[in-house]
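Everything below concerns the one structure shown next.
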Amino acid sequence: MSRLFLNLMWGAMREGFLEEVGPVDGTEGLNSALSNQYEALSYVWGDMKAPVPVKVDGTMLRIGQSLRRALLALRLPDAPRIIWVDAMCINQEDIDERANQVAIMREIYRNASQTVIWFGDKTKETKTAFAYMQRLFDEAQDWGKYPDKRLPPRTGPTFKEMSPSTALENVFAKNIWWNRIWTTQEILLAKRATIVSGRHHIPWDVFLKAIDHAAALGIWGFPLLGVPWKSAFAMVDDTLALKNTQRFPTPADEMLFFLFRARNREATDPRDKIFALLGLISGDVRALGIQADYRATAEDVFRHATGRLLENSKSLDALGLCYPYKTRTVHELPSWVPDWGSTAFLAHPMMEDPKRNPRSTHASKHYSAQVSWDDWGNTLIIDGHSQGTISHLSRVRPEIDSDELWRDEDFPIDDDSSLRQLLSEIIAMLGVAWENFARMIGALVIYLEWEEFVVKQNPTNPGLGAGDPLLIYCLTLCTGTLAPGGLSETHQMFKTWIEKFAPIRKLRRWKFDEGKGTYRLLSLIGYIKSTWSDYGEFVDYTTHTEDRRLGTISNGYLALLPKLTEIGDELVILKGGRFPVVLRPRDDGIMQFIGEAYVQGIMDGEAFREQDCVKLRIR
């Protein structure tokens with residue numbers, strides 16, 4: 001523990017500077033310090049290219065512009081305010097001190113009287129956004145007293161006023177604070193918290209209740225054209241999902257849960273995607289065998305962390321995050337090691353069902369994984385046996401990324417535009433909107449191609465759905481996750497949903513796709529009409545189809561496969577695996593991990609034979 005850390009922890013903020021109150025040394029001093037009242041600051045460092053000086057205990061220290069603005073805004077006019085700030089309390093140039101501080105970050109934020117979440121300076125929409133949040137909270141409180149006052153979603157005066165406004169989204173949902181990995185533990189470990197922007201502030205609990213009410217009103221997060229669009233507050237939802245009370249069998253299972261839920265958050269240093277989450281482990285983090293080490297390369301950190309997750313959890317769930325990311329942070333990784341630093345799109349892992357619940361089925365009969373390594377830790381050795389080779393493949397169902405479809409730069413309305421320029425901008429926006437809708441149709445039509453593929457292949461999957469190709473198709477799309485009413489309700493939901501494609505199906509039958517412009521226009525009009533008021537609930541069960549493809553195995557089974565699957569790849573059940581995987585044999589006898597798969601009828605150990613297992617080497 002450095003003297004600088006404790007001096008600054010007990011610094012009183014006056015006129016923009018931090019002055020020493022008194023040093024405290026040693027463990028006893030730390031415990032004494034943490035028993036006193038102080039606040040912790042949670043903020044985003046921002047651009048550090050032009051740091052500004054601040055005087056600390058008689059010494060000049062350079063900090064970022066974002067932190068300086070926060071300190072000036074948070075100071076009290078007539079009293080000291082004691083705040084812990086990472087950039088000033090940790091010597092960022094000392095990698096050993098950084099590692100030591102990571103180990104105690106949990107205690108620092110848990111013992112703070114409150115965490116102040118700095119959302120930056122106010123903008124022209126800040127006042128409106130904070131007023132909206134308070135109004136949503138008050139209305140939610142009122143609804144709690146009078147349940148009969150509830151209105152159907154997307155109705156009522158509050159919805160009509162707020163839904164056209166961009167204030168809530170721009171001030172709260174799009175704030176870069178949500179995107180940083182370190183802010184994850186800072187809010188989850190806080191006793192209480194307050195969001196601050198300029199001089200405006202709102203308690204965290206009030207904020208959460210307000211956005212819940214906004215979602216109930218349908219202000220955001222509703223499906224459009226049969227596609228469940230990512231909510232404007234998706235990052236908030238992901239953060240709340242991290243505050244999970246479920247019990248995990250091992251610290252490794254808990255760590256994997258946090259890594260998956262927080263994977264969209266960014267880190268300047270890719271290694272922090274691992275290190276920043278260690279403080280959230282409720283069990284014995286030492287048993288996990290992962291600790292902050294800034295002397296190790298990101299490749300070594302990722303490989304070591306994955307190995308510990310596989311070994312300690314006795315499961316292979318971590319393999320579900322291996323994916324051909326469009327944007328990578330580490331390029332030279334074995335195929336069985338996820339790029340934990342990447343925030344790019346990830347096909348939804350099979351360890352969860354479409355409702356985000358842990359998958360209860362287990363392809364290898366709930367056997368524990370026994371893993372070992374060779375080649376300096378690069379080659380994974382594990383038992384498994386083949387189910388056959390991939391014999392036929394369909395096209396990939398591409399992802400529909402709402403962030404890419406509806407980008408702010410595509411809609412550059414300027415408040416000061418002339419009438420002629422405004423009309424020109426509106427026409428350009430309509431063109432972008434049309435192209436986006438056309439891309440959606442192009443993605444959704446894949447489901448009709450898959451249907452034709454299934455009928456042609458006539459799959460032979462055993463168990464539920466056996467003998468009925470379209471029912472096997474239905475259960476493959478929803479990866480075996482049934483509606484509350486069981487198979488009958490699920491099948492009916494599937495048929496209702498697929499009927500929504502009738503306009504596209506008819507035009508394809510008439511070969512209108514030969515004239516793509518006409519085909520897309522008529523398809524779009526018909527599809528909009530069929531989905532506008534009732535989009536079909538089954539779409540909520542198709543989460544795992546995105547960026548995957550259908551295929552058949554040499555034994556005739558239908559499978560949902562990774563997008564990079566090729567004919568001749570092997571479908572394998574690994575001992576300890578919750579799901580089958582696709583492996584690609586290499587000339588040197590090593591297998592390449594391609595990704596996880598779903599095969600209706602063998603997901604609960606029906607096809608696993610321990611006696612058939614052989615040692616597989618994967619790199």
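The values are calculated or read from the model by the stated rules, or taken from the named source; none is laboratory data. None of these values were measured; they are calculated from a predicted model. Cβ sites come from the backbone with ideal geometry, for glycine too, and all protein chains shown count toward neighbours.
Here are the numbers for the structure shown:
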quantity	calculated
Residues of region 47-94 classified as of a type in the set (G, A, S), loosely packed, with under 14 Cβ neighbours inside 10 Å and closer than 27 Å to Y294 by Cβ, total	1
Qualifying residue in region 178-188 (condition: at pLDDT 90 or above, surrounded by fewer than 21 Cβ atoms within 10 Å (Cβ to Cβ), within 30 Å of A103 (Cα to Cα) and of a type in the set (D, E, K, R))	yes
Residue identified as out of contact with any helix residue (DSSP H, G or I) (no Cβ under 7 Å at 6 or more places or on another chain), more than 18 Å from A216 (Cβ to Cβ), outside any helix (DSSP H, G or I) and not assigned by TED's automatic domain parsing to the domain that holds R199 among E93, E97	E93
A369 within 21 Å of the chain's Cα centre (by Cα), part of a loop (DSSP other than H, G, I, E, B) and of a type outside the set (S, T, Y)	no
Unique match (being under 30 Å from A369 (Cβ atoms), aromatic (F, W, Y) and either modelled with pLDDT of 90 or more or assigned by TED's automatic domain parsing to the domain that holds L74 (or both)) among F257, F248, F207	F257
Scope region 111-128; condition part of a helix (DSSP H, G or I) and either of a type in the set (D, E, K, R) or at pLDDT 95 or above (or both); matching residues	T126, K127, T128
Of all residues in region 569-619 being of a type in the set (D, E, K, R), over 30 Å from C474 (Cα atoms) and part of a loop (DSSP other than H, G, I, E, B), the one that is modelled with the highest pLDDT	R619
Residue under evaluation V454, criteria (1) modelled with pLDDT of 95 or more; (2) within 15 Å of T542 (Cα to Cα), criterion not met	(2)
Matching residues, region 156-173, being touching a residue at least 24 places away in the same chain (Cβ under 8 Å) and part of a loop (DSSP other than H, G, I, E, B)	G156, S163, S165, T166
Within region 329-365, tally of residues that are in a loop (DSSP other than H, G, I, E, B) and under 24 Å from Y541 (Cβ atoms)	17
Matching residues, region 478-503, being β-branched (V, I, T) and either in contact with a Pro (Cβ under 6 Å, 6 or more places away or on another chain) or surrounded by fewer than 19 Cβ atoms within 10 Å (Cβ to Cβ) (or both)	T481, T496
Count - residues of region 189-198 that are in a loop (DSSP other than H, G, I, E, B) and either buried (at least 22 other Cβ atoms within 10 Å of the Cβ) or not basic (K, R) (or both)	3
Which listed residue is buried (at least 16 other Cβ atoms within 10 Å of the Cβ) and either assigned to a helix (DSSP H, G or I) or more than 29 Å from the chain's Cα centre (by Cα) (or both), from A140, A131	A140
Pair list, Cβ under 9 Å, 6 or more apart: region 46-73 residue more than 21 Å from V116 (Cβ to Cβ) and at pLDDT below 85, other residue of a type in the set (D, E) and part of a strand (DSSP E or B)	K55/E19; D57/E19; G58/E19
Within region 292-324, considering residues that are within 19 Å of the chain's Cα centre (by Cα) and assigned to a loop (DSSP other than H, G, I, E, B), the one surrounded by the fewest Cβ atoms within 10 Å (Cβ to Cβ)	P324
Subset of region 338-388 (residues that are surrounded by fewer than 18 Cβ atoms within 10 Å (Cβ to Cβ), under 13 Å from G307 (Cα atoms) and without any contact (Cβ under 8 Å) to a residue 40 or more places away in the chain)	S372, W376
Condition met for G289 (at pLDDT 80 or above and surrounded by fewer than 21 Cβ atoms within 10 Å (Cβ to Cβ))	yes
Some residue of region 101-110 being at pLDDT 90 or above, touching a Ser or Thr at 6+ places or on another chain (Cβ under 6 Å) and not in a loop (DSSP other than H, G, I, E, B)	no
